[in-house]
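Working notes for the structure below.
The values are calculated or read from the model by the stated rules, or taken from the named source; none is laboratory data. Because the structure is predicted, anything quoted here is derived from the model rather than measured. Because the Cβ atoms are built from the backbone with ideal geometry, glycine has one as well, and the counts that use them run over all protein chains shown. Surface areas here come from the heavy atoms of the whole protein model, side chains and all, with no ligands, DNA or RNA. Shrake-Rupley method; radii C 1.70, N 1.55, O 1.52, S 1.80 Å.
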Amino acid sequence: MALLPILSYPDPRLRTIATPVKEVTAEIKTLITDMIETMYEAQGIGLAASQVDRHIQLIVIDLSEDKDSPRVFINPKVTPLVEEKQSYEEGCLSVPDVYDKVERPNKVRIEALDQDGNAIDEEVEGLLAVCIQHEMDHLSGVIFVDYLSRLKQTRARDKVRKVLKIREKQGEQVAEKEPQPANS
Ligand code: K1U
Ligand code: ZN
């Protein structure tokens, strides 16, 4: 098992659109295990492959208190089941220490495959509905701060920069910045 570096806002790689998984290979199974371990270590309740710089349609989520019930969603499709939206305070492992309210439909249908290729078709509400929509956004290159004001986005950028500096000083592993062309 391995811990994977998580990309931080505003890294442009977070804007990449994820492609469908064609086959659950041994390599994808290893990625799933590593993403679950990375999510637990970062104390998150979800993680999209995009956040670890793997641009495929793969999400892991664990809402259990004991962190012993990870769920895997491959090639997920999410359909809102209600028009009304509810506000929920969201966080993001790619935007550390920033929390804000986002409005989303509170009931959705999830269709996907699990890690063994079994079909998932569920109607869900509450935190799972919020979390799967947040993770689906990652697969489309959308980050929850995109729903906030410009001012809040600027503050989020500054906050992330500060948090990463502190983490680097503390010797924590942070994801390398995307290599820049020599003339930039
Ligand atoms: O995608 C991610 O970065 C994971 C993210 C999932 C998420 C949390 C809250 C609402 C929507 C999506 C996190 O796990 S953030 C850290 C966290 O554990 C958390 C933050 C706020 C509320 C509950 C949990
Ligand atoms: Zn996130």
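Annotations for the structure displayed:
- Within the range 24-61, the only residue that satisfies the criterion of being open to solvent by less than 50 Å² (accessible area, probe 1.4 Å), within 14 Å of ligand 2 (Cβ to nearest atom) and out of contact with any Leu (no Cβ under 8 Å at 6 or more places or on another chain) is Gly46.
- No other residue among Ile110, Ile120 is surrounded by fewer than 18 Cβ atoms within 10 Å (Cβ to Cβ) and without any contact (Cβ under 8 Å) to a residue 60 or more places away in the chain apart from Ile120.
- Subset of the range 137-177 (residues that are in contact with a helix residue (DSSP H, G or I) (Cβ under 8 Å, 6 or more places away or on another chain) and open to solvent by 80 Å² or more (accessible area, probe 1.4 Å)): Lys152
- Top-ranked residue in the range 62-98 [being within 13 Å of ligand 2 (Cβ to nearest atom) and of a type in the set (Gly, Ala, Ser); ranked as farthest from the chain's Cα centre (by Cα)]: Gly91
- Condition check for Glu65: over 30 Å from Lys165 (Cβ atoms), open to solvent by 50 Å² or more (accessible area, probe 1.4 Å) and away from ligand 1 (no atom under 16 Å from the Cβ): no
- Residue in the range 88-102 that is open to solvent by 20 Å² or more (accessible area, probe 1.4 Å), without any contact (Cβ under 8 Å) to a residue 40 or more places away in the chain and touching an Asp or Glu at 6+ places or on another chain (Cβ under 6 Å) present: yes
For (1) of a type in the set (Val, Ile, Thr); (2) touching a residue at least 40 places away in the same chain (Cβ under 8 Å), each residue gets a yes or a no:
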| position | (1), (2) |
| --- | --- |
| Pro5 | no, yes |
| Ala18 | no, yes |
| Thr33 | yes, no |
| Thr38 | yes, no |
| Ile45 | yes, yes |
| Leu58 | no, yes |
| Val78 | yes, yes |
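- Qualifying residue in the range 97-116 (condition: under 23 Å from Ile28 (Cα atoms) and in a helix (DSSP H, G or I)): no
- Candidates in the range 128-158 are the residues that are more than 21 Å from Asp53 (Cβ to Cβ), over 14 Å from the mean Cα position of the chain (by Cα) and of a type in the set (A, V, I, L, M, F, W, C); of these, the one that is farthest from ligand 1 (Cβ to nearest atom) is Leu151.
- Matching entry among Pro12, Pro70 (being in contact (Cβ under 8 Å) with a residue 60 or more places away in the chain, closer than 25 Å to Val174 by Cβ and open to solvent by 20 Å² or more (accessible area, probe 1.4 Å)): Pro12
- Residue under evaluation Pro105, criteria (1) within 15 Å of Gln133 (Cα to Cα); (2) more than 16 Å from ligand 1 (Cβ to nearest atom), criterion not met: (2)
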